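Student: Encoded as structure tokens, here's the structure I'll be asking about.
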Amino acid sequence: MISNQILQSTIDGLKNITRKELSVVEKEGKVIATTEENMIGRQIDAVENFISSPAESQLILGYQYFKIYDNGVPEYVIQVKGEDEAGYQIGKIAAFQIQSLLVAYKERYDKDNFIKNLLLDNLLLVDIYSRAKKLHIENNVHRIVYLIETNIDKEMNVVEIVRSVFPAKTKDFVTAVDEHSIILVKELKDKETSDDIDRIAKSIEETLNAETNSRVYISSGTIVSDLKDVSRSYKEAKMALEVGKIFETEKFIVNYEKLGIGRLIYQLPLPLCRMFIKEVLHGLTMDDFDDETLATVNKFFENNLNVSETSRQLYIHRNTLVYRLDKLQKMTGLDLRNFDDAIIFKITLMVSKYMIYMDKMAY
């Protein structure tokens, strides 16, 4: 169904051209959009009688009324102030315009339903291709799924804001999945790269930040070339969003292909994680390590186990850094200057983050 905002915008535009007062009335008689301030919300009893009559138009108390049909059934009524011939012509044009909008929105609604069911694996393989053909949706083109999470204000149509980022691309699909999440199924050109995918996400983030003034998280799946695989890209984007919140807490745009080892840890069962931590730390937990030690270790990893560069960035003497690494070795038996030991402790840090996150989610 067309939103009242769209109906209001349509008749405002028509009034600017024609200088005629127009209103859109529901079939039950309530005015839902109007260019006359005192008409909004008013109940017009004559409309129900007009709806049930065989007449296409009617003149009642200085207003002309015209039916707007949806599949042959009256859905709205256009009201035009004035009894002249110009008012009649304007009413016919307005009815035709809104009826065309009804058809367009209905087609988009059908496509949105198809995409939602496709993403949720609610369609049989044979149904995917047959319904796509009826809806004029191409099969073998490159697509990627973006998952956008934000606090959606009920007064603000965030879905329309995202659609506005790609005004020239009618082959892209944008739909809300719940009160916090929006999905964009984006068609890509053959030459678009990983950088282009991140650039698209950045443009969405910047637009939503400017329009809604709220924090936005965006994740993307992998590129697929068959319509049936779009659901896989969606699941990947969903995983990327969760993994990013655990291991990439300072990032607001996450690409599934760049998750690295985080996406493997995310799929580990918690009992296995607890067993691993117990074996590596010999009964210790991450709470037994002070913030200074953990900050030093993270900086050491950032600098690819380079002692000189790490000490320089931390503004400490090289010997101080060596002392901290020796202290950690005494606690864990792991020498982070050794690549294999460094890998083990890096995974230990990530597994601990994952366990803390999952424990919070449980409450």
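The values are calculated or read from the model by the stated rules, or taken from the named source; none is laboratory data. Computed from a predicted model, the values in this text were never measured in an experiment. Here the Cβ is made from the backbone with ideal geometry for all residues, glycine too, and neighbour counts use every protein chain on show. When the accessible area is computed, the model is the full protein with side chains, heavy atoms only, and any ligands, DNA or RNA have been set aside. Shrake-Rupley method; radii C 1.70, N 1.55, O 1.52, S 1.80 Å.
Student: Helix 291-302 versus the longest principal axis of the chain: what is the Cα-based angle in degrees, 0 to 90, to the nearest 10?
Tutor: Rounded to the nearest ten degrees, it is 80.
Student: Pull out the extension gain between Glu56 and Gln313, defined as 0.36 nm times the separation in residues minus the alpha carbon to alpha carbon distance; nm, one decimal.
Tutor: 84.6 nm
Student: By per-residue mean of other Cβ atoms within 10 Å, what is the highest-first order of 140-148, 25-33, 82-90?
Tutor: Put in order of decreasing packing, that is 140-148, 25-33, 82-90.
Student: At a probe radius of 1.4 Å, what is the per-residue accessible area of Met239, in Å² to the nearest 10?
Tutor: Its accessible surface works out to 40 Å², give or take rounding.
Student: Kindly report the accessible area of the chain per residue (heavy atoms of protein chains, probe 1.4 Å, no ligands, DNA or RNA), in Å².
Tutor: Here the per-residue accessible area is 56 Å².
Student: Relative contact order for the chain: what is it in percent, counting Cα pairs under 8 Å that are at least 6 residues apart?
Tutor: Relative contact order comes out at 10 percent.
Student: Where does helix 270-281 land angle-wise versus the long Cα axis of the chain, in degrees 0 to 90, nearest 10?
Tutor: Helix 270-281 and the main axis of the chain meet at about 30 degrees.
Student: For Asn304 and Asp190, FRET efficiency with R0 = 41 Å and r from the beta-carbon atoms, rounded to 0.05?
Tutor: 0.70
Student: Taking the Cα centre as origin and putting +1 on Lys and Arg beta-carbons and -1 on Asp and Glu beta-carbons, what dipole magnitude results for the chain, to the nearest 20 debye?
Tutor: I would put it at about 740 debye.
Student: Here's something else I'd like to know. At 0.36 nm per residue, minus the direct Cα-Cα distance, what do Ser225 and Met331 gain on full extension? Give it in nm, one decimal, please.
Tutor: 33.1 nm
Student: What is the distance in Å between the Cα centres of segment 1-29 and segment 78-151?
Tutor: That distance is 19 Å.
Student: Which residue, Thr320, Thr285, Phe300, has the largest displacement toward the positive end of the dipole of segment 244-363 when charges sit on each Cβ (Lys, Arg +1; Asp, Glu -1)?
Tutor: Phe300
Student: For segment 335-343, in order, what is each residue's ³J(HN,Hα) by Karplus, 6.51 cos²θ - 1.76 cosθ + 1.60 with θ = phi - 60°, in whole Hz (x at glycine and Pro)?
Tutor: 9, 5, 6, 9, 4, 4, 5, 4, 4
Student: Can you find, among Val47, Ala94, Met358, the residue sitting farthest towards the positive end of the charge dipole of the chain, where Lys and Arg contribute +1 and Asp and Glu -1 at Cβ?
Tutor: Of the options given, the answer is Met358.
Student: Heavy atoms only, probe 1.4 Å: what % of the accessible area of the chain goes to carbon and sulfur, would you let me know?
Tutor: Whole-percent figure for carbon plus sulfur exposure: 52.
Student: Would you mind calculating the relative contact order of segment 246-330 from Cα pairs under 8 angstrom and at least 6 residues apart, reporting the percent as a whole number?
Tutor: Relative contact order, segment 246-330: 16 percent.
Student: Helix 4-18 versus the longest principal axis of the chain: what angle, 0 to 90°, nearest 10, using Cα atoms?
Tutor: Tilt of helix 4-18: around 50 degrees.
Student: Counting C-alpha atoms alone, how compact is the chain: give Rg to one decimal and Dmax as a whole number, in angstrom.
Tutor: 29.6, 95
Student: Using a Förster radius of 45 Å, what is the FRET efficiency between Glu211 and Met275 based on their Cβ-Cβ separation? Nearest 0.05, please.
Tutor: 0.45
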